[in-house]
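This report concerns only the one structure given below.
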Amino acid sequence: GNSVTQMEGPVTLSEEAFLTINCTYTATGYPSLFWYVQYPGEGLQLLLKATKADDKGSNKGFEATYRKETTSFHLEKGSVQVSDSAVYFCALSGLYNFNKFYFGSGTKLNVKP
Amino acid sequence: KAGVTQTPRYLIKTRGQQVTLSCSPISGHRSVSWYQQTPGQGLQFLFEYFSETQRNKGNFPGRFSGRQFSNSRSEMNVSTLELGDSALYLCASSRIGDSSTDTQYFGPGTRLTVL
């Protein structure tokens, strides 16, 4: 079956530190992979996505590369800001699954000034 | 362009009651999905509708149901509420429900508390 595993949080970093949030997946076929972010009191916002192996998604300084050989989609950012504090969710959706997403448990990021 | 709207934002019910939640998708979006978010189980897919037809569903009991209207607005209903149904219910919409080409946009959610 399909599932997503992401690192436990919370992750606490100082401003301008390097961020990595690990995400691995199990899926049949060739899923699309996503990172969503949830700010307090809000719904989820798409951060980036990749639809095939070796694709790199990027947005707002965040990047993630679809690694089929390691079934991973780790999120990275070179220099975090206080405004990046939020909960980050890794997710996958299978082909023709009509937006049936499988989400990881979420990783809370706290960035200190 | 207006985002996905959900009403009501907060709801308090007692065990055994039923509840109806509403979702208005972004204009032009025909696919609407529903998710349940709880601290213990995380985000779980409930069902997806397109053109008034349910195309996919998750592993929830029959007490959870939904429908979609001709204007793409969607409602979900939970009957015979249980304490464990307390959650944030998120609605998401996209153009046609193809995750490889569409972007799924989420609403702010309805916070349901069952007492």
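The values are calculated or read from the model by the stated rules, or taken from the named source; none is laboratory data. Treat the numbers as computed from the prediction; the structure is a model and nothing was measured. Every residue, glycine as well, gets a Cβ built from its backbone with ideal geometry; the counts of neighbours run over all protein chains shown. Heads up: the accessible areas ignore ligands, DNA and RNA and are worked out on the full protein's heavy atoms, side chains in. Shrake-Rupley method; radii C 1.70, N 1.55, O 1.52, S 1.80 Å.
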Checklist outcome for this item: Conditions (1) of a type in the set (S, T, Y); (2) farther than 20 Å from B:Q104 by Cβ; (3) at pLDDT below 95 -> A:Y30 fails only (2)
Checklist outcome for this item: Here the residues within region B:29-53 that are among the small types (G, A, S), in a strand (DSSP E or B) and either in contact (Cβ under 8 Å) with a residue 24 or more places away in the chain or exposed (fewer than 13 other Cβ atoms within 10 Å of the Cβ) (or both) are B:S31, B:S33
Next on the checklist: Going residue by residue through region B:40-63, is there one that turns out to be more than 9 Å from chain A (Cβ to nearest Cβ), at pLDDT 95 or above and under 19 Å from B:I12 (Cβ atoms)?
Outcome noted: yes
Item to check | B:I26 vs. criteria surrounded by fewer than 16 Cβ atoms within 10 Å (Cβ to Cβ) and touching a strand residue (DSSP E or B) at 6+ places or on another chain (Cβ under 7 Å) | outcome: no
Next on the checklist: Restricting to region A:8-24, give me the number of residues that are open to solvent by 20 Å² or more (accessible area, probe 1.4 Å) and part of a strand (DSSP E or B).
Outcome noted: 6
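State whether the residues of region B:91-104 include one that is surrounded by fewer than 22 Cβ atoms within 10 Å (Cβ to Cβ), within 17 Å of B:T7 (Cα to Cα) and either within 13 Å of chain A (Cβ to nearest Cβ) or touching a residue at least 40 places away in the same chain (Cβ under 8 Å) (or both). So that I can check it myself, show each step before the final result.
Kept after step one, since they are surrounded by fewer than 22 Cβ atoms within 10 Å (Cβ to Cβ), are these residues of region B:91-104: B:95-96, B:98, B:100-103.
Imposing the further condition that a residue be within 17 Å of B:T7 (Cα to Cα) reduces the set to none.
Taking every residue of region B:91-104 in turn, none turns out to be surrounded by fewer than 22 Cβ atoms within 10 Å (Cβ to Cβ), within 17 Å of B:T7 (Cα to Cα) and either within 13 Å of chain A (Cβ to nearest Cβ) or touching a residue at least 40 places away in the same chain (Cβ under 8 Å) (or both).
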Item to check | First in region A:29-44 and of a type in the set (S, T, Y), second anywhere and assigned to a loop (DSSP other than H, G, I, E, B), Cβ under 6 Å, 6 or more apart | outcome: A:S32/A:T51; A:S32/B:S99; A:S32/B:S100
Checklist entry - If we keep just the residues of region A:57-90 that are open to solvent by less than 50 Å² (accessible area, probe 1.4 Å), hydrophobic (A, V, I, L, M, F, W, C) and more than 8 Å from chain B (Cβ to nearest Cβ), which is nearest to the chain's Cα centre (by Cα)? => result A:C90
